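To start, the structure itself, in structure tokens.
Bear in mind that the values in this text are calculations on the coordinates, not laboratory data. Only a predicted model underlies this, so the values are computations on that prediction, with no experimental measurement involved. Cβ: placed from backbone, ideal geometry, glycine included. Neighbour counts: every protein chain shown.
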Amino acid sequence: MLAMLPGTLIIGDIRLAENSLLFSGAAVLLGLQISCFGLLAELFGTRERFWLETKRIRFIRHWLTVDRACIVGGCLFFTGLSGAVYALFIWRGENFGDMDTSALARITVPSVLACAAGLQIAFTGFLAELMGHPRRRGM
């Protein structure tokens, strides 16, 4: 995805442009969501004693706090929002008329990806924190 940001990427006879940028952004977001789901499933399975807690899970529980997830997620979200506002100002400079979609996509696709990834990370942090609490018995 990063290789396509400056312009069309040409590999042999293949040209990777805006559509490839969009699909690679979607693939990055799906990969992040699958990773977050796997992490939460592992935390849940450990809490419910489906499997033993490993050093990796202990490290993740120690490192992945709500505060850190919100800081990372918030930075990503506001970076993406800044990019979206920048794209809006560019469009405004054109009197909200026709734009060069190629140039605009190189701003908006990463901006939307950063916003979505930031929210995903922040909410994963909240849910991971809940998974860290012991299960209530007798309810």
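Remarks
- Exposure rule at most 11 other beta-carbon atoms within 10 Å, DSSP loop chymotrypsin sites (Phe, Trp or Tyr not before Pro): the chain longest free segment: 1-49
- For the range 1-88, the set of GluC sites (Glu not before Pro) satisfying both a DSSP loop assignment and a count of at most 13 other C-beta atoms within 10 Å is given as Glu48.
- Asn19 versus Val66: modelled label distance in nm, points set 7 Å from Cα along the beta carbon direction: 4.5
- With contacts taken as Cα pairs under 8 Å at a separation of at least 6 residues, the range 1-61 carries a relative contact order of 19 percent.
- Each of Ala27, Trp51, Cys70 was placed along the dipole of the range 2-131 (beta-carbon charges, centred on the mean Cα), and the one lying farthest toward the positive end is Trp51.
- Virtual spin-label span in nm between Ala27 and Lys55, 7 Å along Cα→Cβ: 3.4
- Zero-based 10 Å bins, Cα pair distances in the chain, whole percents: 11, 31, 26, 18, 11, 4, 0
- Scanning residues 5 or more positions from Leu64 or on other chains, none has an amide H under 5 Å from its amide H, with H placed 1.01 Å from N in the peptide plane.
- For the range 87-103, 3J(HN,Hα) computed residue by residue from phi via the Karplus equation (6.51, -1.76, 1.60; θ = phi - 60°) reads 4, 5, 5, 4, 5, 4, x, 9, 6, 6, x, 5, 10, 6, 4, 4, 5 Hz, glycine and proline entered as x.
- Short-range pairs are left out: with C-alpha atoms under 8 Å and at least six residues apart, the relative contact order of the chain is 35 percent.
- Phi-based couplings in Hz for the range 127-135 (Karplus 6.51, -1.76, 1.60; Gly and Pro marked x): 5, 5, 4, 4, 5, x, 7, x, 6
- Note that the range 42-52 has calculated 3J(HN,Hα) couplings of 5, 5, 5, x, 5, 4, 8, 6, 6, 8, 7 Hz, one per residue in order, obtained from phi through the Karplus relation 6.51 cos²θ - 1.76 cosθ + 1.60 (θ = phi - 60°); glycine and proline are x.
- For Met4, net neighbour charge (Lys/Arg +1, Asp/Glu -1) across residues whose Cβ lies under 9 Å away: 0
- Estimated translational D of the range 67-111 in µm²/s (Stokes, Kirkwood radius over Cα pairs; 20 °C; 1.002 mPa s): 188
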